[in-house]
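Chemist: I'd like to ask you about the structure that follows.
Every read-out reported here was derived from the displayed coordinates using simple, explicitly stated rules and does not represent laboratory data. No experiment lies behind these values; they were computed from the predicted model shown. Using ideal geometry, Cβ is built from the backbone for each residue, glycine included, and neighbour counts are taken over all protein chains shown.
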Amino acid sequence: MSIARSALVLTWLLAAGVPIALAVESPVRLVRSTSGTKGSVQGTRYVIEDPRTTFYAGTDRQVVVYFEWDGAARPHGCKITWKDPSGAAVLISPYTAQTRTARFGVS
């Protein structure tokens, strides 16, 4: 639907006295991010067991990155982009989750 048509529909609904609740996105704040090669759930938190930022091809079999966010409990989405040393994107992965609490994580 075009912006002009959306404005026309909104104007018509307001003139007709139809109650409208406009969705306002609540802000999301990054609490922490951590990386390593392994992690686990400890209590209610995900913990990287060997936090570091340097990894070695041939030695490290995987890289785990954990992001913890604060925001409204609702569906959230992001796009994760992995880049090689030259800066070229080598993997782009969309991620969506329905959160149940204000604090949530993505790994």
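Chemist: Identify, among Ala102, Thr54, Phe67, the residue whose Cα sits farthest towards the positive end of the charge dipole of the stretch 25-106, taking +1 on the Cβ of Lys and Arg and -1 on the Cβ of Asp and Glu, with the dipole about the Cα centre.
Modeler: Of the candidates, Ala102 comes out farthest on the positive side.
Chemist: Among residues other than Tyr46 whose Cβ falls under 12 Å from its Cβ, what is the net charge (Lys/Arg +1, Asp/Glu -1)?
Modeler: With Lys, Arg at +1 and Asp, Glu at -1, the net is +2.
Chemist: Taking amide H atoms as placed 1.01 Å from N in the peptide plane, list the residues 5 or more away in sequence, or in a different chain, whose amide H sits under 5 Å from that of Gly39.
Modeler: Glu49
Chemist: Between Ala89 and Thr44, what length comes free when the chain is fully extended (0.36 nm per residue of separation minus the Cα-Cα distance, one decimal in nm)?
Modeler: Extra length available between Ala89 and Thr44 comes to 12.9 nm.
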